[in-house]
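The values are calculated or read from the model by the stated rules, or taken from the named source; none is laboratory data. These figures come from a predicted structure and were not determined experimentally. Cβ placement follows ideal geometry from the backbone for every residue including glycine, while neighbour counts extend to all protein chains displayed.
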Amino acid sequence: MKALERHILFSLCSFLFLYLLLSASVAFSGEGVKVGEPVPTFVLIDDKGKPRDFGELIDRPTIIYFTHNSCWYCEQIIHELKRAEAKFGKKNLRIIGINVMATDEELVKAYKEELDFTFPMFAGNREDVLRTYRINYVPVLVFIDAKRIVRKVVGHYIHEPELFKTIREISK
Amino acid sequence: MINRREFLELLLLTSGYTLLGSRLSLASPIQDIEVSEVDLNITYVTEILKPPKRSNVDIWIPVPQTDQEQEITGLKVESPLPYRFTTEPVWKNRMVYINTERLNPGDRILMHYRIKRKATGVIVDRQRDPSRYLEPSEWEKWDEKISAFVDKLTAGDDNPVEIARKVYNALIERLRYIHEVCGRGVSTITFEEKVGRCDEYHALFRSMMMYRKIPVSWEQGMALPYPSELKKEGQFEADCINAHSWVRFYIGDGRWFPVDVSEADRRPALKEFYFGRLLPDRIKLSNGRGFTLAPPQRGIINTFAYTYIEAGGIPAIYGHNYRNRIHYKLIDMRREKQ
């Protein structure tokens, strides 16, 4: 019986820990994403089902790319992002995907497999994330410099010259 | 110089116009607001591109229904896979449902029908219970900023039409239309960001009106070209970019008043028109938002205007796994009687 109680207590503590971890926002206390201010980051579920602070990945000029499964334009952008990574180099550019349809790792994993999305991707269908980044539609691309300052937010389809130009700007 | 075929076509069109009087000749300039009905043969195609890697595939395709604004006849489905018609219980939206273990590249499901889409204004529907249209979907809940805005905007007003007109004007003033995005239609974000497409405009319209206890219905479909832009035949992608929504609010005695705020913002010349009337430039495919399909899907869909596919319970990717197209053939176009 005691073993069962311990098991239940451990499960509850694990659940509480996971909940607190997922609820935590890191390095952000403002009303939403703003150009010229530090990027808000969150602990989200990745494609392996692990909660992870995606802010830890922002250690170089970074693009956070918000997308979902119904957006055809978004698929075109993936090809542009791959070409951008090849052009500027992995060491100089980080790309992070957030799928706003996904609530768990299943959809993220399937999306990455289907589209050969080689960048880290997280499940972003969370009210706090969507409100903070003001995601009312996709695609949205958030450009961040190496100092983790938001430099530009593009809320529409982006053409390659504009993408490359903006990457150069956040790389200065 | 025109060739013989063009001459004969022109002759036929001219003869038709002479004989039928109120029908519009394609050769004559068309004023959109004069067109009272478009008559089209539609073929809606869902084509599998790269089948999803996961097995156990579910497909839901919205089926248009006849109502006061459109007449659907000759509905016929061609599918290499077994299908059935289903109806979801909440808003009675109808759909074609397919379940299959796997799909093959090039599988095509075709839906043929003829639509007579009318220009409409206020409709009378005493079967509708207005109280059902006071419940916001999860994307249309309002916050204190929206309620304070509406309080200030409509202080002292009780007439639904007057309140709606103020909200309509305010949204056109406040929001900026953006085309090439797939919207989520979240009112609170739209209010703050001041940008969006039809879903964003109409979600916020609903929120503001429902806050004032005025019932508002959500109508969802696909945008057709404007009558003046219709060709004899044409096709377009039936995806989130061409999906279109509009709304009707309740003015009492079974009467529902239409508005299309986003189109009014896009086409300022039609701002007066779109407060109370709709052009026949749309196909209605469903009512309501955020409902559960039949049989239930696993993912969340906030509107149902085009084919939705899941594989193993995971939404398929539009443009990668599948795509939809609408082919139309113009049969006739009528204008209002003078």
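So the values come out like this:
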{"read-out": "Hey, B:Thr303 in contact (Cβ under 8 Å) with a residue 60 or more places away in the chain, closer than 19 Å to B:Pro52 by Cα and polar (S, T, N, Q) or not", "value": "no"}
{"read-out": "Single residue of B:Trp142, B:Trp91 found to be surrounded by 13 or more Cβ atoms within 10 Å (Cβ to Cβ) and under 23 Å from the mean Cα position of the chain (by Cα)", "value": "B:Trp91"}
{"read-out": "Output for the stretch B:265-300, where each listed residue is more than 22 Å from B:Leu49 (Cβ to Cβ) and facing chain A (nearest Cβ under 9 Å)", "value": "B:Ile300"}
{"read-out": "Complete set of residues in the stretch B:293-315 that are at pLDDT below 95, aliphatic (A, V, I, L, M) and buried (at least 17 other Cβ atoms within 10 Å of the Cβ)", "value": "B:Ile301, B:Ile314"}
{"read-out": "Test: residue in the stretch A:72-85 that is aromatic (Phe, Trp, Tyr), more than 18 Å from A:Phe54 (Cβ to Cβ) and under 17 Å from the mean Cα position of the chain (by Cα)", "value": "no"}
{"read-out": "So B:Lys271, is it in contact (Cβ under 8 Å) with a residue 40 or more places away in the chain, in contact with a Phe, Trp or Tyr (Cβ under 9 Å, 6 or more places away or on another chain) and under 26 Å from B:Pro29 (Cβ atoms)", "value": "yes"}
{"read-out": "Flag for A:Glu106 being buried (at least 18 other Cβ atoms within 10 Å of the Cβ), acidic (Asp, Glu), at the interface with chain B (Cβ under 8 Å from one of its Cβ atoms) and touching a helix residue (DSSP H, G or I) at 6+ places or on another chain (Cβ under 8 Å)", "value": "no"}
{"read-out": "Flag for B:Gly185 being within 24 Å of the chain's Cα centre (by Cα) and in a loop (DSSP other than H, G, I, E, B)", "value": "yes"}
{"read-out": "Members of the stretch A:126-141 that are within 8 Å of another protein chain (Cβ to nearest Cβ) and either assigned to a loop (DSSP other than H, G, I, E, B) or without any contact (Cβ under 8 Å) to a residue 60 or more places away in the chain (or both)", "value": "A:Leu130, A:Arg134, A:Ile135, A:Asn136, A:Tyr137, A:Pro139"}
{"read-out": "Options B:Phe249, B:Phe236; residue that is buried (at least 16 other Cβ atoms within 10 Å of the Cβ) and more than 14 Å from every other protein chain (Cβ to nearest Cβ)", "value": "B:Phe249"}
{"read-out": "Residue match in the stretch A:151-167 (condition: of a type in the set (Val, Ile, Thr), facing chain B (nearest Cβ under 10 Å) and either buried (at least 18 other Cβ atoms within 10 Å of the Cβ) or without any contact (Cβ under 8 Å) to a residue 24 or more places away in the chain (or both))", "value": "no"}
